[in-house]
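Visitor: Please find one structure pasted underneath; my questions will follow.
The values are calculated or read from the model by the stated rules, or taken from the named source; none is laboratory data. Since this is a predicted model, take the numbers as computed values, not measurements. No Cβ is skipped: glycine too gets one built from the backbone with ideal geometry, and neighbour counts run over all protein chains shown.
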Amino acid sequence: MNERIQQLLDQITVLEDELRTALGEQPSSMFFQIKGKRVEFEQSIKETHRRLKMNFFRWLVTYRPQNLITGPIIYSMIIPLVITDIFITFYQLTCFPIYGIKKVRRADYIIFDRHQLNYLNFIEKFHCTYCAYGAGMIAYISEIVARTEQYFCPIKHARKILGTHARYARFLDFGEAENYEAKLEEYRITLNKER
């Protein structure tokens, strides 16, 4: 890999870490605290949330009808998501220890906390729970596949692709054959040292 590109990637990594830290330290404008798995708002915010909550029947009357019509199609996607969840989790639990790859923690990707927002009615909370599972599951799967790709084939494609995972930028350039096996082993070793 070009030395300049490697320097830029290292800078990006440092900046991403600094950004995550800064965002975590940033005081929230919503005045809440995270206590374990609970999110606790200040009393005035709780009261505001309760006042803003739309009751179910009013929500049902004012809700967009196309959303109600497509709901069964959207929620039927839970079946392939759960099946994929089972298979991908089984895959990493059985294969990653054999390869020496650090396992991906589900809890880092699938976060259920929106149901604690009191301004949402029970249907909206259900929607948020479904979306948190779906989006989190895709991110979880992406990281498992990214670690697998880093282990077996850390080579960029010849063509530019959209939506690559974070590991992809550090992969070997397409056609970079010199010392391939040694570099592949370096990629594998780093997988076991990760957080």
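Visitor: Going residue by residue through the stretch 59-78, is there one that turns out to be within 19 Å of the chain's Cα centre (by Cα), surrounded by 12 or more Cβ atoms within 10 Å (Cβ to Cβ) and modelled with pLDDT of 80 or more?
Guide: Yes, there is a match, as at least one residue in the stretch 59-78 is within 19 Å of the chain's Cα centre (by Cα), surrounded by 12 or more Cβ atoms within 10 Å (Cβ to Cβ) and modelled with pLDDT of 80 or more.
Visitor: Kindly indicate the residue of the stretch 96-114 that is part of a helix (DSSP H, G or I) and either more than 14 Å from the chain's Cα centre (by Cα) or of a type in the set (Gly, Ala, Ser) (or both) and also surrounded by the fewest Cβ atoms within 10 Å (Cβ to Cβ) among those meeting that condition.
Guide: Only one residue tops the list, namely Ile98.
Visitor: Within the set of pairs 6 or more residues apart or between chains, which connect a residue that is in contact (Cβ under 8 Å) with a residue 60 or more places away in the chain inside the stretch 180-191 to a residue that is of a type in the set (S, T, N, Q) with Cβ atoms less than 7 Å apart?
Guide: Close Cβ pairs satisfying both conditions: Leu191/Gln150.
Visitor: If I ask for residues that are touching a residue at least 24 places away in the same chain (Cβ under 8 Å) and surrounded by fewer than 17 Cβ atoms within 10 Å (Cβ to Cβ), which ones from the stretch 122-144 would you list?
Guide: Phe122, Ile123, Tyr130, Gly134, Ala139
Visitor: Quick one: His49 ticks every box in (1) in a helix (DSSP H, G or I); (2) farther than 28 Å from Gln116 by Cβ; (3) at pLDDT below 75 except a single one, so which number is it?
Guide: (2)
Visitor: Just wondering, is there one or more residues in the stretch 122-132 that are at pLDDT 95 or above, polar (S, T, N, Q) and assigned to a helix (DSSP H, G or I)?
Guide: Checked against the condition, which is being at pLDDT 95 or above, polar (S, T, N, Q) and assigned to a helix (DSSP H, G or I), the stretch 122-132 yields no hits at all.
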